[in-house]
Structures are given as structure tokens and as C-alpha cells.
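Throughout, read-outs are computed from the coordinates displayed, never taken from laboratory work. Model, not experiment: these values are computed from the prediction. Note: ideal-geometry Cβ built from the backbone for every residue, glycine included; neighbour counts use all protein chains shown.
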Amino acid sequence: MRLLMTLFMSVIMSYAYACDVCGCSASGFSSGFMNLNSSHFLGLSYKTKSYESTHPTLFANQPVLVSSEQFQTLELNARWMPNKHVQIIANAPFHFFNRSENEVSETAHGLGDASAIAQWVITNSSDSADDFLYRFAFGGGVKAPTGKSNFLSDSYQIIIPNMQPGTGAWDVLLNANGILKMKNWGLLSEFNFSRNGTNKNDYKFGDRTGAKLSVSRWLNTKEKRIILRPEVGAQIMSSRYDFSSYSEGITNEFSHGYFVDALIGAQFLYKTWSFSASAQLPILQNFANGTVESKWGAVLQIHYLIPKK
């Protein structure tokens, strides 16, 4: 009898883990805005990313279920620079997630997890018009559990963790980014790492690492009041296993892997305003044992640069 119960529980637990197959939650951190100006700013960012997930079956004669997920985020961004060597960046996201399977949709929306980091900035100038410039920033911070992590669907079922607006846990963030500009050409890089905590449901999202590298060209008007900066590059995001029960060491086998995306975009600066747009197209990926496929993504941003007195 004990053997039968063990087998039964193993089947049930395997099915529960398979049901956790679903895209990739938006719990990572990225500065999302890099420039050569030592100014404060306020801004809004819109981010969207789509996935297609294939759900493993328990038995050979069961039909394979495929779902599509759309992750959308509207984020308030702010940066305060008390001097040219220190900056504090804060982000407050609002998420809208949608998942469709067999013509049935479920959504989750609400305030996400707010984050803040402090960085030390190394730069040779605060004037972006110079021919040779470099600006490197590194530091760390925290992501607070301000988002709801027990969101219920319309059928009053708890939505799986990846579809929750919040993670329900405190996370430690590390971030570094840099720009090297020589005349009208520039090299941009970014690295971020998230050491994720465990929430009250004993669920722990896997630690995440991200990196970005791109080449950019500055196209200025004669008065240099208008700047257009096209950009092309690539980014990678990798995630370790989630823990369905961290205290018991039970991992979700459909939760780890990596995505590599090609990037193309542009930034437009006019006086104290900055507008940017970018698209992400997958070029290499292996996530959740191949059951999750990244499709495309996009980012739109508008920032108001606040001149220092």
C-alpha cells in the first residue's frame, strides 16, 4: 500500500510540475536605460515578450497541449544622481500577463515587484558631445515583494508562479553597465544578476543572469540638439532551476535554461527628451527542457532628462 501511495504521489507531483510550464516570468532586473549624461530622469517603459509552451503528457495516448503566453509590463523609471559618480535607479512595474490554451484564456495583472539599486559611476566626462567618452557603472540593490503572488484566475484557481505579478520574495540584485564612445561609434554592455529569495509558499525562482552587448552609432545634427542613435547587438538570459519546495529541495524541472536574442533598435534625443524603441528576435534557446519557445519581444521607452542646477 505504501508503494502504491508513493507511485501515486510521484505521478501527481510530476503532473503538477508539468503544469508549471509557461514562458518566463518578468522578475529579472535590467537598468533599461543607459546614456552618457549625468542627469536625473523620470520615464516610462513598455515591455512585451511572447512565448509558446508545449505541455508534457502523462500517458502516450494523451493529446499534446500547446499554450501561448504574452507578458506585458508598463514600468515607471527614475534616476537620481547626487553627483556624477553616484546614481540611484528605481523601477516600479505594472504587469499584464495572458495565457491561452484550447481557446481558454487566463490573465493576471497588477503591480509587480519594485526594485532599486545604487551604483558607483566611473566616467571621464559628463558632456556627450566629446569625441572620446567612457562611462561605467556598477552596484547592487534589492527587489521588494510589492506584487501579488497569490493571484486567482476567473475560475478561482491559483495561477502558476510564472504568471503571478509578483514573486512574493526579497531578491538581491547586482548590475553593471558601460558605454565606450569613440567619435560617433559606441560599444554598450550590461550585466545583471538576481539572487532570488523564497516566498511564504516555499517557492523559490531560480537565480538569473543576463548580459547584453551592442554596437551603436551617434548621428548628430550640426547644432547637436537632435541625436539619433541606432543600435544592433545581442542579449542572453539564463535561469537556474526553480524550487517548488525550497525547504524540501524539490525543483521544477521545467524552469531552467537560457535564451539568446538578437537586438535592433534606436534612441532619439531632443533637448531634454529621450525616446527609444527596440525589438528582440530569438536566435538560440533551450529553456524548460525545450518545452518553452521564445517568440519575440519589444521595448518602448520615453524619458525626461532633468538638468542639474
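Couple of notes before you dig in:
- Restricting the stretch 63-137 to GluC sites (Glu not before Pro) that sit in a DSSP loop and have at most 10 other Cβ atoms within 10 Å of their own Cβ leaves GLU103.
- Loop-located GluC sites (Glu not before Pro) in the stretch 235-294, at most 11 other Cβ atoms within 10 Å (DSSP): GLU248
- At most 11 other Cβ within 10 Å, DSSP loop - trypsin sites (Lys or Arg not before Pro), the stretch 164-227: LYS183, LYS200, LYS222, LYS224, ARG225
- With both labels modelled 7 Å from their Cα along Cα-to-Cβ, the SER105 to THR123 distance reads 4.3 nm.
- Highest-first arrangement of 116-123, 255-262, where packing means the average Cβ count within 10 Å: 255-262, 116-123
- Compared with the direct C-alpha span, the chain from ALA262 to ASN83 gains 61.0 nm at full extension, assuming 0.36 nm per residue.
- With a threshold of 25 Å on the Cα-Cα distance, the over-threshold entries among LYS47/LYS143; LYS143/LYS308; LYS49/LYS204; LYS181/LYS295 are LYS143/LYS308; LYS181/LYS295.
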